[in-house]
1. What percent do you get for the relative contact order of region 7-166 when only Cα pairs under 8 Å and 6+ apart count?
2. Per the Kirkwood formula on distinct C-alpha pairs, the Rh of the chain is how many angstrom?
3. Can you spot the lysines whose alpha carbon is less than 23 Å from K65's alpha carbon? Ignore those fewer than 8 places along the same chain.
4. Taking 37 °C and 0.692 mPa s as the conditions, I'd like the Stokes-Einstein D for region 1-51 in µm²/s, using the Kirkwood hydrodynamic radius from alpha carbon pairs.
5. Using amide H atoms built 1.01 Å from N in the peptide plane, name the residues 5+ places from F106, or on other chains, whose amide H lies under 5 Å from its own.
6. Using Cα springs under 10 Å in a Gaussian network model of the chain, which residue among N122, N145, N111 shows the largest mean-square fluctuation?
7. Just from its helices, what would the mean residue ellipticity at 222 nm be for the chain, if runs of 4 or more DSSP H residues each count -39500 (n - 2.57) and the sum is divided by every residue, rounded to the nearest 500 deg cm²/dmol?
8. Just flag the trypsin sites (Lys or Arg not before Pro) in region 1-74 sitting in loop per DSSP whose Cβ has no more than 14 other Cβ atoms within 10 Å.
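Please treat every number below as a calculation from the coordinates, not as lab data. Only a predicted model underlies this, so the values are computations on that prediction, with no experimental measurement involved. Backbone-built Cβ (ideal geometry, glycine too); neighbour counts: all protein chains shown.
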Amino acid sequence: MEPREVLLNFITDEDIALVENRQGLFYPENHYRMSKPVKQLFKLLDKSESQRFCYHQLRLGLFVKVKTEEELAILKAAYLQSYEWQNKGYDKPHYDVFVALLIFGFSDLYNIDGGQDLAAYNKYLKVVSQTSAYSGLSGMIKKINRFEPYADDETANRILQCLRAIQY
């Protein structure tokens, strides 16, 4: 399968699955085929297709890496579109609202700063990736040095803002 075809097959399968209120079958069976094409997603797909791809990735709880402000705008549009199923109680795997709030700075219910620029988006995506790499605090403590790049006041305040917003 060509890289563009892999991405389009994912979109088509997830579109059908969304109508049927389920998760698609293409991703679980072909996630390994998607790793390289996803890195080129914005070059392989037009704006509309890219947004649809990002939308379905969010439905799976996956955040796409972006390299330009234009790509971030496409991802944010997909994120805004995701509210339609998030608010309908869609019961399939999807992103964690706290994580989305941390990364994007806003949600349909909360607004910390109205949105992120590219540098902030990528920074907070790295924070989430680092913290998600562990199954428990003991593993994090053993490798505490890996968290040092994120031990700044800005990141700590951002996390605190998110916790306060969701009244944790």
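1. Values: 137 pairs, mean separation 28.4, N = 160.
Relative contact order for region 7-166 comes out at 18 percent.
2. The Cα-based Kirkwood calculation yields 17.0 Å.
3. Leaving aside lysines fewer than 8 places away in the same chain, those within reach of K65 are K36, K39, K43, K47, K76, K92, K123, K126.
4. Values: Rh = 11.1 Å.
Stokes-Einstein gives a translational diffusion coefficient of 295 µm²/s.
5. Placed amide hydrogens put I112 under 5 Å from F106.
6. The residue with the greatest mean-square fluctuation here is N145.
7. Details: 9 runs with 108 residues, N = 168.
Computed mean residue ellipticity for the chain: -20000 deg cm²/dmol.
8. Working: sites: R4, R22, R33, K39, K43, K47, R52, R59, K65, K67; in loops: R22, K65, K67.
Of the trypsin sites (Lys or Arg not before Pro), the ones in loops of region 1-74 whose Cβ has at most 14 other Cβ atoms within 10 Å are R22, K65, K67.
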